[in-house]
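See below for the structure under consideration.
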Amino acid sequence: MAKKKGGDYIAETLVREKIPYVFGVCGHGTVGLIDRLYDVKDEVQMISPRHEQTAVHMADAFFRVSHRVAATLTSTGPGSANQIMGLAVAQTDSSAILAITANVPTQQFNRGPFQELNLHHQADFNNVIRPVVKRSFQPTRVEMLPLAMRQACATMTTGRPGPVNLDIPYNLFQEEGDLAEEAVGSAFGVRRPGGSPDDVLATVDAILAAERPVLFVGHGMALSEGGPELTELARWMSIPVVSSPNGMGTLDMTDALSLGFIGRNGAYQANQAGRHADLVLAIGARFDDRSASSWQPGYSWNFPSTKLIHVDLDHAELTRNYTPDLAIQADARTFIRQVLTELANRAVGREPRLTSWLEQIDGWRKEWEAFVAPGFAAHQQPIRPERIVADCMKVLPDDAILSFDAGIHHNWFMQFWKARAPQNMLNSWGYSGMGFGPSAILGAKLAAPDRVCVSVCGDGGFTMVPHVLCTAVEYNIPVVWVVWNNFAWGAIRDLQYGYFDGREYGTAFYQGENSQPYNPDFAAWARAAGVEGFTVTRSEDFAGTLEAAIRMNRPVLIDVHVDADIRPPTTGSWALPPLQPKQPAFGTAWRPA
């Protein structure tokens with residue numbers, strides 16, 4: 001062991017852990033560590049966005065796209081508090097992030113120094129951050145850093161990934177101690193538990209016996225990188241696949257076996273298959289309220305009438321919302337490989353199966369496509385939402401990465417986008433944080449610099465984080481923002497229209513007493529920041545503008561004026577208790593007799 005400053009040890013550990021970026025905002029508490037990061041800047045680049053929330057969203061997206069961990073760095077007090085929403089998004093959507101926060105020096109604990117929280121415990125930021133991370137560590141001596149960092153790196157990448165926090169009193173960055181170099185702690189994708197032999201046998205028996213099976217896959221499938229195995233299983237056994245938004249693309253969504261998203265704003269064929277299935281094999285999916293029509297029987301699923309086999313790495317998900325007939329704690333890819341091996345051992349043929357079931361699903365798909373087709377073909381002002389989805393599908397390459405905020409625009413893309421591969425569609429799903437999409441696309445581009453990266457974001461969400469323009473220009477990150485401008489908090493305004501007789505209040509963007517629709521000139525705002533800006537009000541112009549933006553290979557914003565009065569056609573349901581849930585706009589609920 002050798003005497004070493006804590007800041008040096010942290011910087012060297014980031015290099016050892018192969019963490020390529022620190023997304024951080026400086027502060028008095030972090031200057032001692034930033035000075036040490038200067039020495040490793042060729043291996044760990046510090047990127048400083050203009051807000052800590054954006055720093056976390058960038059690290060989140062970097063992990064989602066690359067499955068590599070990035071770190072964040074925030075200073076004592078408000079800077080660290082600013083990242084709470086971003087960490088909540090990362091935690092609920094299972095993104096590993098090493099969130100380093102500075103705290104007051106140990107010499108001043110409980111004396112109420114600048115930015116200390118001490119009402120209940122000294123240097124008490126841990127209790128602020130604890131609900132949104134897997135674990136918060138607070139070493140209070142330099143000698144505690146090696147163990148804390150090793151455990152933090154292992155915790156964030158083992159099992160279900162998620163953010164962890166290292167809350168470090170800032171005197172440790174400059175103080176010295178006897179520090180031994182610890183082994184690498186990160187273990188993402190290394191520890192992959194499988195199902196028991198009996199569970200694998202029972203699963204294969206159930207698949208072979210089922211007449212109307214469905215595979216339901218979520219983010220766990222993408223995190224396990226099990227797309228090729230999923231595709232082989234689906235095609236071998238002719239099983240249709242329904243996916244959550246974060247599972248989209250694990251089976252190419254242009255494949256006939258891909259039914260799309262399920263739930264209130266799902267595709268009709270997905271909800272029909274879910275409620276008519278006799279077996280659902282759910283892998284790496286958690287049955288949240290929006291993909292389960294708020295657990296109302298007959299709208300998306302019919303458990304317990306339908307047999308459920310639920311496979312997930314996180315044991316807490318296995319009985320959270322439904323009680324499975326068979327619960328299996330396992331990594332998605334490992335488990336599917338076990339199933340494929342058992343099918344091969346039984347010499348199960350690869351000839352087409354389930355013809356009647358697939359024909360029935362194809363009929364539902366054709367009904368749905370006929371119903372929605374007119375909107376995709378229409379040109380009008382303001383622009384129909386379907387045109388934005390259609391032109392993005394026409395213009396963007398198959399490997400383009402899209403990020404979305406929460407909002408009505410996201411509902412349209414969930415319902416109609418066809419992801420060709422996993423990790424191409426970045427959603428703020430579990431916590432639904434606004435500002436995620438415009439910020440995350442920056443981290444996505446750093447993870448995949450050779451791919452087209454586009455943020456489709458609401459006007460409300462973009463206005464929360466407009467400083468992303470500055471970061472893109474400062475660090476030359478060539479992304480495209482498509483601002484879905486409907487002059488409203490559109491998704492919530494639609495709830496007011498649907499549940500409260502159109503009594504809109506506080507959801508439309510108006511200026512002055514004459515109630516004229518108002519938004520800033522987003523394109524001019526972009527140009528003021530050094531970003532190329534365009535405004536599109538005619539649907540005929542959008543595809544060409546998007547093509548030009550991609551060719552520029554620089555930061556570009558497109559302000560698109562979209563009709564706020566055209567809503568995604570619901571095919572499932574969503575409950576806001578105690579309000580009475582609305583019935584689907586297309587199709588009806590169905591329960592077995």
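Quick notes
- Legend: P(r) of region 481-593 from all alpha carbon pair distances, 10 Å bins from 0, whole percents, reading 12, 31, 26, 21, 9, 2, 0.
- Whole-Hz ³J(HN,Hα) from phi, Karplus 6.51 cos²θ - 1.76 cosθ + 1.60, for region 113-123, glycine and proline x: x, 3, 6, 8, 9, 9, 5, 10, 7, 5, 6
- Listed pairs K366/K445; K5/K134; K418/K445; K41/K445 exceeding 25 Å between Cα atoms: K366/K445; K5/K134
- Candidate aspartates and glutamates - alpha carbon under 20 Å from K394, same-chain residues fewer than 8 apart omitted: D252, D255, E369, E386, D450, E540, D541, E547, D559
- Dipole orientation for the chain: of the candidates L495, T507, I239, I239 has the Cα lying most toward the positive pole (charges on Cβ; Lys, Arg +1; Asp, Glu -1).
- Around the Cα centre of the chain, unit charges on the Cβ atoms of Lys, Arg, Asp and Glu (plus for the first two, minus for the last two) sum to a dipole of about 400 debye.
- The charge dipole of region 465-553, taken about its Cα centre with unit charges on the Cβ atoms of Lys, Arg (+1), Asp and Glu (-1) only, comes to about 100 debye.
- Fraction of antiparallel bridges per DSSP, region 381-561 only, in percent to nearest 5: 10 percent
- Under 16 Å from the V190 label point (7 Å along Cα→beta-carbon), backbone N, region 157-178: 157-162
- A dipole drawn for the chain from +1 and -1 charges on Cβ atoms has a positive end, and of W525, N553, P592 the residue lying farthest that way is P592.
- Over the chain: Rg over Rh, Cα atoms, Kirkwood Rh: 0.99
- Computed over region 197-361, Cα set: Rg, Dmax in Å: 14.1, 40
- FRET efficiency for T588 and R538, using Cβ-Cβ distance with R0 set to 41 Å, rounded to 0.05: 0.65
- Within region 501-545, backbone nitrogen closer than 15 Å to the virtual label 7 Å beyond the Cα of Q381 toward Cβ: 535-542
- Each residue of region 446-460 was assigned a 3J(HN,Hα) from its phi angle through the Karplus curve 6.51 cos²θ - 1.76 cosθ + 1.60 (θ = phi - 60°); the sequence is 5, 6, 9, x, 8, 10, 6, 10, 10, 9, 9, 10, x, 5, x Hz, with glycine and proline shown as x.
- Note on region 291-387: dipole from Cβ charges, positive end direction compared against V348, T323, T306; the farthest Cα belongs to V348.
- Spin-label model distance (nm) - M393 vs A344, 7 Å beyond Cα toward Cβ: 3.6 nm
- Alpha-carbon Rg/Rh ratio, for region 237-286, with Rh computed the Kirkwood way: 0.91
- Rg/Rg_globular for region 160-220, with Rg_globular taken as 2.2 N^0.38 Å and Rg from C-alpha atoms: 2.16
- Rg over Rh, two decimals, region 2-179 (C-alpha only, Kirkwood Rh): 0.93
- Amide H contacts of L557 (H built 1.01 Å from N, in plane; Pro and chain starts excluded): W481, E532, G533, F534 sit under 5 Å, all sequence-distant by 5 or more or on other chains.
- Going by neighbour counts of Cβ atoms within 10 Å, the residues H315, H409 line up, fewest first, as H315, H409.
- Between region 467-497 and region 84-124, the Cα center-to-center distance that results, in Å: 29 Å
- When each of V483, V142 is scored by the number of other beta-carbon atoms lying within 10 Å, the sequence from fewest to most is V142, V483.
- Exposure proxy order (Cβ contacts within 10 Å, fewest to most) of I492, I10, I441: I492, I10, I441
- Cα centre as origin, Lys/Arg/Asp/Glu Cβ charges: region 197-361 dipole, Debye: 340 debye
- Stretchable slack from L201 to H28, in nm (0.36 nm times residue separation minus alpha-carbon distance): 56.4 nm
- Computed from the C-beta positions of R551 and Y475, the FRET efficiency with R₀ = 22 Å rounds to 0.60.
- Per residue of the chain, the DSSP helices (runs of n ≥ 4 H) give a summed -39500 (n - 2.57) that works out to -10500 deg cm²/dmol at 222 nm.
- 3J(HN,Hα) along region 356-367, derived from phi through the Karplus expression 6.51 cos²θ - 1.76 cosθ + 1.60 where θ = phi - 60°, amounts to 4, 5, 5, 5, 5, 5, 4, x, 4, 4, 5, 4 Hz, with x in place of Gly and Pro.
Read the figures in this text as sums done on the coordinates, not as results from a lab. Owing to the predicted nature of the structure, the values given are computational and were not obtained by experimental measurement. Here Cβ is always computed from backbone atoms with ideal geometry, including for glycine, and neighbour counts include all displayed protein chains.
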